[in-house]
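Report on one structure; see the data block that follows.
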Amino acid sequence: MVEFNNSEITVDKLIQKIREESARRKPILTGSLDELNVVSVNQTLAVNHIESLLHNAELKSQVRTEFPKKLNRFPFSLSKPLQNIALKLYSFLFKEQRAINFSLIQALREALSLNRQLIEQVTVLQGQVRQMNEFLNTDLTNKSYIMNELAQQKRLITLFLEEAQQRFPEPFSPEQLQALVNEYPHQLDAFYVAFEDQFRGSREEVRDKLKVYLPLIENAKIGTPESPILDVGCGRGEWLELLRESGYSGRGIDINRVMLEQCNTIGLEVIEADAIAYLQHLPDSSLGAVTGFHIIEHLPFTVLMKLFDETMRVLQPGGLIIFETPNPRNLLVGSGDFYRDPTHVNPIHPDTIAYIALLKGFINAESYFFTEQDNESQLLASSNVKFDNLESYLSISRDFALIGYKP
């Protein structure tokens with residue numbers, strides 16, 4: 001260790017000391033990650049120590065402004081003028097040496113700066129390596145899980161096919177295998193039917209709520225064979241059943257096969273189809289109304305916009321749209337009940353859906369809440385409701401409906 005108060009230190013000794021100190025240190029990039037962390041800390045301390053040595057050397061290399069106190073003692077004591085002359089002579093004789101010393105010190109400082117940067121980069125790399133190892137370990141775990149799942153499914157399919165081959169003389173055709181594959185997306189159909197039975201209400205309850213829309217059909221003079229009503233996401237068919245009992249012509253589409261089977265059981269006209277794909281195959285101006293009850297909250301935003309585009313195209317002039325959905329302005333619905341259904345995508349604000357309808361070209365498009373009057377459900381325009389206190393958010397209807405017309 002070089003002591004800071006040693007007045008006899010020279011740059012050559014300092015450089016030699018730095019070389020010895022550096023040679024004594026272990027390389028940074030050796031050992032495990034934990035060991036590297038310790039080495040990085042030690043290396044930082046070493047750099048700090050070397051920097052202090054350089055600082056001391058820099059002080060010793062500066063031009064002397066005072067005569068050494070040790071030489072003020074007898075027999076070396078000189079008068080003040082002679083001391084000044086000696087200092088000037090000393091400064092002149094070692095002028096070039098000081099310049100060389102300062103250059104070496106500056107070079108060493110730059111080397112230390114690079115060393116610090118390398119230590120910082122090594123520290124960052126250590127963190128990245130650690131994160132990569134953690135990611136790889138997690139990824140390998142996920143891959144193992146996925147491979148096990150695929151292997152289990154493969155075994156089940158193999159057993160199924162072997163059993164089928166034993167029971168039938170001929171193997172499955174490609175069409176039969178494709179039919180089996182097509183059943184996969186419908187494995188939760190029965191669950192969703194039971195879910196709706198539990199949380200939406202009975203058929204009778206839903207039918208009673210939907211009666212509020214019948215006057216709209218009558219006033220629009222639609223629902224004839226020439227202007228039929230299409231119900232997208234028809235579900236259990238309560239609305240189609242109500243239309244049929246009221247003498248209107250309507251059909252429904254859905255992708256839930258269990259619900260479609262229930263509709264077929266009571267003689268309703270239903271088709272298994274995706275809403276957008278089905279609308280795209282219909283001629284222009286071929287429908288009197290497009291309705292959808294608790295369907296739009298299941299759609300991604302881009303699909304919702306496409307639904308409005310296709311609906312506008314297939315509706316006849318004066319045609320009607322009715323889309324009912326949960327009301328997020330109801331505090332209980334917006335804060336929690338909406339998310340009970342795992343197939344919901346996003347709640348839709350009444351103002352937002354009305355604006356989209358107007359933007360897409362519908363007229364008289366407005367959102368309506370429901371209110372009870374004389375024991376009958378009535379439609380209440382959302383523009384007439386003021387949400388000026390907490391009670392307003394609690395008492396407003398749990399559902400609302402968008403109603404609009406094609407010009």
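The values are calculated or read from the model by the stated rules, or taken from the named source; none is laboratory data. This one's a predicted model, so the numbers in the text were calculated from it and none came from an experiment. Here Cβ is always computed from backbone atoms with ideal geometry, including for glycine, and neighbour counts include all displayed protein chains. Ligands, DNA and RNA are stripped out before the accessible areas are found, and what is left, the full protein with its side chains, is counted by its heavy atoms. Shrake-Rupley method; radii C 1.70, N 1.55, O 1.52, S 1.80 Å.
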All conditions in (1) open to solvent by 40 Å² or more (accessible area, probe 1.4 Å); (2) of a type in the set (A, V, I, L, M); (3) touching a residue at least 40 places away in the same chain (Cβ under 8 Å); (4) closer than 24 Å to L307 by Cα are true of I271 except (3)
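Table: residues versus (1) open to solvent by less than 60 Å² (accessible area, probe 1.4 Å); (2) assigned to a loop (DSSP other than H, G, I, E, B); (3) not aromatic (F, W, Y).
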| site | (1), (2), (3) |
| --- | --- |
| S367 | yes, no, yes |
| F387 | yes, yes, no |
| E391 | no, no, yes |
| G404 | yes, no, yes |
| P407 | no, yes, yes |
Residue within segment 303-324 that is of a type in the set (A, V, I, L, M, F, W, C) and open to solvent by 60 Å² or more (accessible area, probe 1.4 Å) present | no
What are the residues in segment 191-241 that are within 41 Å of the chain's Cα centre (by Cα) and assigned to a loop (DSSP other than H, G, I, E, B), if any?
-> R200, G201, S202, G233, C234, G235, R236, G237
Output the qualifying pairs, or none if there are none: Cβ atoms under 7 angstrom, residues six or more apart or on different chains, first residue in segment 283-302 and at positive phi, second residue among the polar types (S, T, N, Q) and assigned to a strand (DSSP E or B).
-> S285/Q316; H294/T325
Note: among E204, E226, just one is surrounded by fewer than 12 Cβ atoms within 10 Å (Cβ to Cβ) and touching a helix residue (DSSP H, G or I) at 6+ places or on another chain (Cβ under 9 Å), namely E204
Quick count over segment 276-311, residues being out of contact with any Phe, Trp or Tyr (no Cβ under 7 Å at 6 or more places or on another chain) and either part of a helix (DSSP H, G or I) or of a type in the set (A, V, I, L, M) (or both), is 24
Looking at L282, is it surrounded by fewer than 22 Cβ atoms within 10 Å (Cβ to Cβ), modelled with pLDDT of 95 or more and closer than 26 Å to E241 by Cβ?
-> yes
Please state which one of D374, D341 is of a type in the set (D, E, K, R) and open to solvent by 40 Å² or more (accessible area, probe 1.4 Å).
-> D374
